[in-house]
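All of the numbers you see were taken from the coordinates with simple rules; none came from a lab. Since we're looking at a predicted model, the values are computed, not measured. For neighbour counting, all protein chains shown are included, and Cβ atoms are generated from backbone atoms with ideal geometry for every residue, glycine included.
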C-alpha cells in the first residue's frame, strides 16, 4: 500500500508545466535575437561549438530532478506490515459549564477560556483513554462522544463558546444523567465524570443523578472555577470592547459566586474529589493523576498499517541528475564535430 506522508507538497507539481513554458519561451527569444544579429546561414560559422541538443538535455535533467524532489518532499511511504493494537484505558466524560457566569474574569482570561485551555492540555497527555465532552448551561448536549481521536477532540473543543447552549442556567444534574447514558454499556471499563463549573444556580434533580452514578459505579470529580466572594459578569460588543456588566431587573450589577459546597457534596457522595482552579494551578492535572491510578480495561482492538519512508528512492536520482547536468557543457561534443566534418567532406 502506497501513501504520501505530506501530500500537500504534490500540489506544487501543477506549476511544473510553467518551467517548460519558460524554457521554450527563452529558447525562442534567444533564437530570434540570433536571427536579428546574423543570417541563419552564418550561425554555424559564428558559433561552431554551439549545440542545439545539449540545452534541451540539460533542461530535461533539471526538470526531472525538480519533479523527483517535489515527490520526495511528499514522502512516499509503503505499508510494510499490519499490526493489531489493543486499546486499554478508562472512559472519562468532561462536563463543561458554558453558562453566562463562565464569562467572569476572576480566572484569566475568563473561566471558560481557562477551562478549555486546561482540557486541551489534558487531551495532549492522554494515552489510550477515551474522552468525551458534554457542554451544559440550562440544558446539556454532547459536544463529542467518547473517542481516542485526540486531534478531532481538540477541534470540537475549540468550537465551544457561550452560544453552544443558548438556554440559561446551570443544569449539572441533567449533564450527569446525559453522561451516564452516553457511556458505552456493553464495555466493562472504569468510568469517571469530571465536572468543570462555578456550580452556581444548579438545576435539575442533582441527588437523583448522583444516585444513578453510584449505582453504575461511576466516580464524579469536580473542578470549581471562580471566586466565592463573587465578581461581575462582563458584557462585550462585537468588536471585543467591554461595554459594561450584566445587571438584574432592578438595574443592579449581578455577581457570580463559586458554589463550592454543592461541588464538594457531589464529589463526596459519588466517590470522587473536589479541586478548586486558580490562575496558576492546573486542577485538571490533579484529576489526571487521580484517574491514572485506575486500572485500565481493554475495550477494543484496531489494525494499524506500519509504513516505511521511501523518499530517498527519488531524492538520490534527483541529486545524481543535478550532478551530471552540472558537468555537461552546452558545447558540441568532439564526436559530433567529427561527424559533421566527415559529412561536409
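Some observations on this one:
- FRET efficiency estimate (nearest 0.05) - Cβ-Cβ, residue 142 to residue 5, R0 41 angstrom: 0.80
- Rh by Kirkwood over Cα pairs, then Stokes-Einstein D for segment 175-241 at 1.002 mPa s and 20 °C, µm²/s: 147 µm²/s
- Applying 1/(1 + (r/R0)^6) with r as the Cβ-Cβ distance of residue 33 and residue 324 and R0 = 30 angstrom yields a FRET efficiency of 0.55.
- The average projected area of segment 85-301, computed from the convex hull of its Cα atoms over all directions, is 12.0 nm².
- Using C-alpha pairs below 8 Å separated by at least 6 residues, the relative contact order for segment 85-301 is 26 percent.
- Once you reduce segment 85-141 and segment 213-251 to the center of their Cα atoms, the two points are 15 Å from each other.
- Ordering 6, 117, 212 from the fewest to the most neighbouring beta carbons within 10 Å gives 6, 117, 212.
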